[in-house]
Structures are given as structure tokens and as C-alpha cells.
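J.: To start, I am sharing the structure in question, which I have written as C-alpha cells.
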Amino acid sequence: MQQRTDVLIIGGGPAGLAAAIAARRKGLEVTVADGARPPIDKACGEGLMPDTLTALRGLGVVIQPGDGRIFRGMRFLDETTSAEAHFPELAGFAIRRTLLHQKMVERAQESGVSLFWDAPVAGLAEDGAIVSGKLLRAKWIIGADGIGSRVRRWSALDSTLRARVRFAQRRHYRIEPWSDCVEVHWGRKMQAYVTPLGKGETCVVLISRDSHLRLEEAWREFPRLAGRLRNAEASSVVRGAVTATRRLDRVFRGKVALIGDASGSVDAITGEGLGLSFRQALALAGALEAGELGIYQEAHRRLTRRPNFMSRLLLLLERNSSLRKRVLRALSEDPNIFRQLLAIHVGEGSPAFLAATSMRLGWQLLAA
């Protein structure tokens, strides 16, 4: 293992690899260390929003049509109502998490990033970090080690303003997708997130506040979905993860910066986690090039504003069943409102556009 690098990134998931690729494109020497081996999997919905695809292209990561399946929009369903809207311009793309990770690994290698797998990081040092039992000196250290980040704790950045924890479980089924939309099925205390993957496969993620709830136990909440999957063969084991809405006071201290879920997170139901981390990576690379992490702090705050707003809105619907029923009914009766909200969700609406759409939705709710 080398002894020195410009940028040491701790964590080789998508956020860490995005940061590595972006920093390397600025001419910095970059090293990634992770205790696991690729491809690294995670229980996620596996749908990339249009703005996420744009950020990936900015990193030079190429997604081919055969890698998955295009989806055109979102569909919300409860026991009585269905509301659907398509994205205003670009489509989204569904891809297995392991395949996306492998593509990002290959892109990092092409970019000249040094990748160290099976290389656990034991702690930070004054001028670097302890990687595989040896000191690796670095000018900058980036924590990309997820929601339970040790780098965040080691650098005393773990001052959480707010944390709302929920639990996700994912499984794949061998069944041809029945929709060109990602579906969110709303139950009383949970949601099922359905993504149409390619090659006759569908991804289902259950999200709830109950850490003991199991995927099969939740089907009574979603009879329409259960009917579709009743005879479908499972093509993967159940994989669980924690999802949280969390905000931090600061995302850097000294020469250490955080990215992705390590730097604060939005609930998985937004579908914004990956896209947000990719946009953060591009902003972080610019700050590293300038030698001023304060630039990244401001960019991070700006980038998280919209996803945090959408997270608060969706979690409000999750907690308030009466409001949720009225909102879904309004979106079903006026699909244009849903289309406008979806445009805002993928970054295609201004603050004035958001205000006008919110007012229109408010009138619909008053009339409901």
C-alpha cells in the first residue's frame, strides 16, 4: 500500500466512488479504502431519478439500455385511490445496485483512482488515517462510510440536529414489470416501493418504523400488490437496511469532510439518496481543488434543501392517514398537480413554481 495521497476516501460505496471520480477529474491523487469487496450491495429501491442520471453522466459513468429498464414517472396507490404522473422531460432508470456499483468501480479505475478493498480503517491520525494497520498520509480525508459513519464520530461532527429512523427490507421477484412507473403503495404505517427492473424482474422495498416487521407479514396492507406477487418466484434473499432523516450542523472539520449518508440523509422514500450524494461529490471536488472546504459546506446546505423539503412532505403523509387520503384523491383528480410536484422533486421547478403548485394543491384539498 502507498504511504501518501492527496485525498483519502473512507468508504467505497457509490458516494465514496463518486467523490473519488470527481476529485480525480480535478487532477488530485485519490485513494479509496473499504473493508469490504465489490460489488457492495444495499437494500434500496434501485430506481435512479432523472437528475441522478444527469449527475452520473457528469461523473462519466455510462448506463446502457440493457443494464436495466427505463421508468417514466411515479404512481401513488392506497386501498382506494391511484394517482400517476410522468416526469416532465427526462426519464428515470432502474438498475440493480450491484451492477451500478460495479460500473462505478470500473469508472474509478479508468480515472486512475487507487482502490484498496479488504482494507479496514481503524481510525484517524494527525496527518492521515490507519488503513490495514498502517499510516496512510493524506492532505484531505473524506468520510463516505454511510449512515453509521465512524469518520463522523472520529472527527466530532456527530452533532445530530434531528434523526427519524425507519427500516427498509428489499427483495427481488421474477415477474415482468406491469408498469412503466415506480409505484409507492401506502399502508397505514408502512410503504412498499416497487421498481420495474429489466429482464423480467421487479424490486420491492418495504419501509416502516417497525424494526421487527417482515416483508411477508406486510402483504395484508397491500392486497393489490400481494395479488400480483402471489405466484412470483423470489430471485434474491431479503436484505435489510436502516433509513433516516438526519441533518448535521457541519459537514467538515479541519481537513475532514463528509459525503453521502455520512453527511446527513433523507428518508429512502424520496429516492434522492444516490442523486444527492453524486451532486455533493461534484461540489466537494471543486472545494478540494480550491483548497477550501467552506465552499463545500455552503454547497452541501444548498443541495440538501429540496430533498429535505420532499422528505418532510412525504413523511407527513406517512404519519397522517387522513391528510394522505385527501392528497392522493386531489392528485388523482388533477394529475397536472402531481406532474408539477414531480418536476419539483427532480429539480425542474423554481421556488415560484413550487409556491404556485402548493397553492393549487391547497385549493384542491380545501375543495375535497
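J.: Kindly list the number of the only condition in (1) surrounded by fewer than 20 Cβ atoms within 10 Å (Cβ to Cβ); (2) hydrophobic (A, V, I, L, M, F, W, C); (3) part of a helix (DSSP H, G or I) that fails for LEU17.
T.: Of everything listed in (1) surrounded by fewer than 20 Cβ atoms within 10 Å (Cβ to Cβ); (2) hydrophobic (A, V, I, L, M, F, W, C); (3) part of a helix (DSSP H, G or I), LEU17 misses just condition (1).
J.: Do any strands (runs of 3 or more DSSP E) entirely within segment 64-118 hold 1 or more residues that are under 19 Å from the mean Cα position of the chain (by Cα), and if so, which? Outline the logic, then answer.
T.: Details: elements: 68-71, 73-77, 82-86, 92-95, 114-116.
Correct list: 68-71, 73-77, 92-95.
J.: Got a number for residues in segment 99-126 being out of contact with any strand residue (DSSP E or B) (no Cβ under 7 Å at 6 or more places or on another chain), surrounded by fewer than 17 Cβ atoms within 10 Å (Cβ to Cβ) and modelled with pLDDT of 95 or more?
T.: Of the residues in segment 99-126, 8 are out of contact with any strand residue (DSSP E or B) (no Cβ under 7 Å at 6 or more places or on another chain), surrounded by fewer than 17 Cβ atoms within 10 Å (Cβ to Cβ) and modelled with pLDDT of 95 or more.
J.: With the condition kept exactly as written, say whether any residue in segment 129-145 is under 21 Å from PHE278 (Cβ atoms) and assigned to a loop (DSSP other than H, G, I, E, B).
T.: yes
Residues are listed down the side, and each one gets a yes or a no for (1) surrounded by fewer than 22 Cβ atoms within 10 Å (Cβ to Cβ); (2) not β-branched (Val, Ile, Thr):
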residue: ILE10; (1), (2): no, no
residue: ALA33; (1), (2): no, yes
residue: ASP51; (1), (2): yes, yes
residue: LEU56; (1), (2): no, yes
residue: GLY68; (1), (2): no, yes
residue: PHE71; (1), (2): no, yes
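J.: Name the single residue, out of those in segment 252-298 being surrounded by fewer than 24 Cβ atoms within 10 Å (Cβ to Cβ), out of contact with any Leu (no Cβ under 8 Å at 6 or more places or on another chain) and of a type in the set (Gly, Ala, Ser), that is nearest to PRO14 (Cα to Cα).
T.: Within segment 252-298, the match that is nearest to PRO14 (Cα to Cα) is GLY273.
J.: Further question on the same structure: Here are some residues: GLU183, GLU176. Which one is more than 19 Å from the chain's Cα centre (by Cα) and not β-branched (Val, Ile, Thr)?
T.: Going through GLU183, GLU176 in turn, just one is more than 19 Å from the chain's Cα centre (by Cα) and not β-branched (Val, Ile, Thr): GLU176.
J.: Say whether the condition of being farther than 30 Å from VAL7 by Cβ and outside the structural domain of ALA283 (by TED's automatic domain parsing) is met by at least one residue in segment 262-269.
T.: Residues of segment 262-269 that are farther than 30 Å from VAL7 by Cβ, as a first pass: 269.
So of that shortlist, the ones also outside the structural domain of ALA283 (by TED's automatic domain parsing) come out as none.
Within segment 262-269, not a single residue is farther than 30 Å from VAL7 by Cβ and outside the structural domain of ALA283 (by TED's automatic domain parsing).
J.: Return yes when GLU289 is touching a Lys or Arg at 6+ places or on another chain (Cβ under 8 Å), assigned to a helix (DSSP H, G or I), assigned by TED's automatic domain parsing to the domain that holds LEU53 and farther than 23 Å from VAL204 by Cα and no when it is not.
T.: yes
J.: Being among the aliphatic types (A, V, I, L, M) and under 14 Å from PHE338 (Cβ atoms) is the filter here; which residues of segment 78-92 pass it?
T.: Quick first cut of segment 78-92, residues among the aliphatic types (A, V, I, L, M) only: 83, 85, 90-91.
Of everything in segment 78-92, those that are among the aliphatic types (A, V, I, L, M) and under 14 Å from PHE338 (Cβ atoms) turn out to be ALA83, ALA85.
J.: Going residue by residue through segment 207-220, is there one that turns out to be surrounded by 20 or more Cβ atoms within 10 Å (Cβ to Cβ), within 20 Å of the chain's Cα centre (by Cα), under 21 Å from ASP267 (Cα atoms) and not assigned by TED's automatic domain parsing to the domain that holds LEU48?
T.: Yes, some residue in segment 207-220 is surrounded by 20 or more Cβ atoms within 10 Å (Cβ to Cβ), within 20 Å of the chain's Cα centre (by Cα), under 21 Å from ASP267 (Cα atoms) and not assigned by TED's automatic domain parsing to the domain that holds LEU48.
J.: Consider segment 191-216. How many of its residues are out of contact with any Asp or Glu (no Cβ under 6 Å at 6 or more places or on another chain) and either closer than 21 Å to MET49 by Cβ or part of a strand (DSSP E or B) (or both)? Before the answer, list the steps.
T.: First pass over segment 191-216, keeping only residues out of contact with any Asp or Glu (no Cβ under 6 Å at 6 or more places or on another chain): 191-193, 196-199, 201-202, 204-216.
Now drop any that are not either closer than 21 Å to MET49 by Cβ or part of a strand (DSSP E or B) (or both), which leaves 191-193, 196-198, 201-202, 204-208.
Count: 13.
The values are calculated or read from the model by the stated rules, or taken from the named source; none is laboratory data. These numbers come from a predicted model, not from an experiment. Ideal geometry is used to build each Cβ from the backbone, glycine not excepted, and the neighbour counts take in all protein chains shown.
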